[in-house]
Amino acid sequence: MSFSFLPILLISMILFFVLFFGIGFILNMLLRMSWIMAIIYPIVAVAIIQDVSFLDYFTSPGTAFRSLGNSIMTLAPLDIAILLSGLAGAILSGVVIKLLRKKGYRMF
């Protein structure tokens, strides 16, 4: 068994963490809502996982959600680890913003 996927996994996890931490931090500063990215992240994750149009969830919800369930069940453990690192970045951005505000820093 080859471990050539390990550097790719680590880089992907770090990229997702930093990407969603950064986006969450900026959105939290601009919108002054500490948990906005943690709320938006599941929608972004579904868009990454599923290739069904967003409108299909309203026009034919049964088929769209069934397809989403199948897509989630067939995710590889490595994909789940990458998506969870993005969620960790989104949550940590909210924690950092709340901590900075508590310490007296005002952002915008």
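Rule-based calculations on the coordinates, nothing more; no lab input. Remember, it's a predicted structure, so these values are computed and weren't measured experimentally. We place every Cβ from the backbone using ideal geometry, glycine too, and count neighbours over all the protein chains shown.
Observations, loosely collected:
- Selection from the stretch 34-61 of residues that are free of Cβ contacts under 8 Å to residues at least 12 places away in the same chain, among the hydroxyl-bearing types (Ser, Thr, Tyr) and surrounded by 12 or more Cβ atoms within 10 Å (Cβ to Cβ): TYR57, SER60
- Only listed residue being among the acidic types (Asp, Glu), part of a helix (DSSP H, G or I) and over 14 Å from GLY94 (Cα atoms), chosen from ASP79, ASP51: ASP79
- Meets criteria (surrounded by 15 or more Cβ atoms within 10 Å (Cβ to Cβ) and either free of Cβ contacts under 8 Å to residues at least 24 places away in the same chain or in a loop (DSSP other than H, G, I, E, B) (or both)) for VAL95: no
- Selection count, the stretch 9-33, where residues are surrounded by fewer than 18 Cβ atoms within 10 Å (Cβ to Cβ), closer than 19 Å to LEU100 by Cβ and touching a residue at least 40 places away in the same chain (Cβ under 8 Å): 5
- Residue count for the stretch 54-68, restricted to those that are part of a helix (DSSP H, G or I) and either touching a helix residue (DSSP H, G or I) at 6+ places or on another chain (Cβ under 9 Å) or closer than 25 Å to LEU9 by Cβ (or both): 8.
- Of all residues assigned to the stretch 6-14, none qualifies as being outside any helix (DSSP H, G or I), within 20 Å of SER93 (Cβ to Cβ) and among the small types (Gly, Ala, Ser).
- Unmet criterion (only one of (1) closer than 30 Å to ILE8 by Cα; (2) assigned to a loop (DSSP other than H, G, I, E, B)) for ILE72: (2)
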